[in-house]
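Colleague: Pasting a structure below so you can have a look.
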Amino acid sequence: MIKTSKTVYDPKEAQDGKRILVMSIWPRGIAKDKVDLWIKELGTDKDLIKKWKEQTITWEEFRSSYLKSLKGKDDLLRELAKVAKKQTVTLLCSCKDEKHCYRYLLKMQIDKLH
């Protein structure tokens, strides 16, 4: 099972399972023990996330660009799918809106591999 309902700033709980940070840059103020694994390669490009937050691109444009950035990273996605079959995985980043966040898009891509 893969969860995307928490941000990296939310408290760690047992039901989170393996907490995986998927940001390209380590978030300010977060201690290393708040996550179990950091996969920065699955984070979004700094310029892309900036455009989305500044609302200079639409959600669809953001979604399309982020999904393109996952091309060639199938091994990482398959590995996460394998882990998620065995235990709960919580994907973490700093976005507060779960449905308009790349970790939600990442979850959908991983789910396709289950």
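The values are calculated or read from the model by the stated rules, or taken from the named source; none is laboratory data. Keep in mind the model is a prediction, meaning the values are calculated, not measured. Cβ coordinates were reconstructed from backbone atoms using ideal geometry, including for glycine residues, and neighbour counts include every protein chain displayed. Accessible surface areas use protein heavy atoms only, side chains included; no ligands, DNA or RNA. Shrake-Rupley method; radii C 1.70, N 1.55, O 1.52, S 1.80 Å.
Colleague: Go through the stretch 42-55 and count every residue that is open to solvent by 90 Å² or more (accessible area, probe 1.4 Å) and either at pLDDT 95 or above or within 16 Å of residue 104 (Cβ to Cβ) (or both).
Modeller: The total comes to 1.
Colleague: Could you identify the single residue in 16, 74 that is acidic (Asp, Glu) and buried (at least 19 other Cβ atoms within 10 Å of the Cβ)?
Modeller: Details: 74 fails: buried (at least 19 other Cβ atoms within 10 Å of the Cβ).
Within the list 16, 74, the selection yields 16.
Colleague: Can you pull out every residue in the stretch 93-105 that is open to solvent by 70 Å² or more (accessible area, probe 1.4 Å) and either in contact with a helix residue (DSSP H, G or I) (Cβ under 8 Å, 6 or more places away or on another chain) or not in a loop (DSSP other than H, G, I, E, B) (or both)?
Modeller: Of the stretch 93-105, the ones open to solvent by 70 Å² or more (accessible area, probe 1.4 Å) are 96-97, 99-100.
Passing the criteria: 99, 100.
Colleague: Among (1) open to solvent by 50 Å² or more (accessible area, probe 1.4 Å); (2) within 14 Å of the chain's Cα centre (by Cα), which single condition is residue 90 missing?
Modeller: With respect to (1) open to solvent by 50 Å² or more (accessible area, probe 1.4 Å); (2) within 14 Å of the chain's Cα centre (by Cα), residue 90 is out only on (1).
Colleague: Which of the numbered conditions does residue 23 fail, given that it passes all the others? Conditions: (1) among the aliphatic types (A, V, I, L, M); (2) buried (at least 17 other Cβ atoms within 10 Å of the Cβ); (3) part of a helix (DSSP H, G or I).
Modeller: Every listed condition holds for residue 23 apart from (3).
Colleague: How many residues, within the stretch 26-59, are farther than 22 Å from residue 82 by Cα, assigned to a loop (DSSP other than H, G, I, E, B) and aliphatic (A, V, I, L, M)?
Modeller: Counting residues in the stretch 26-59 that are farther than 22 Å from residue 82 by Cα, assigned to a loop (DSSP other than H, G, I, E, B) and aliphatic (A, V, I, L, M) gives 3.
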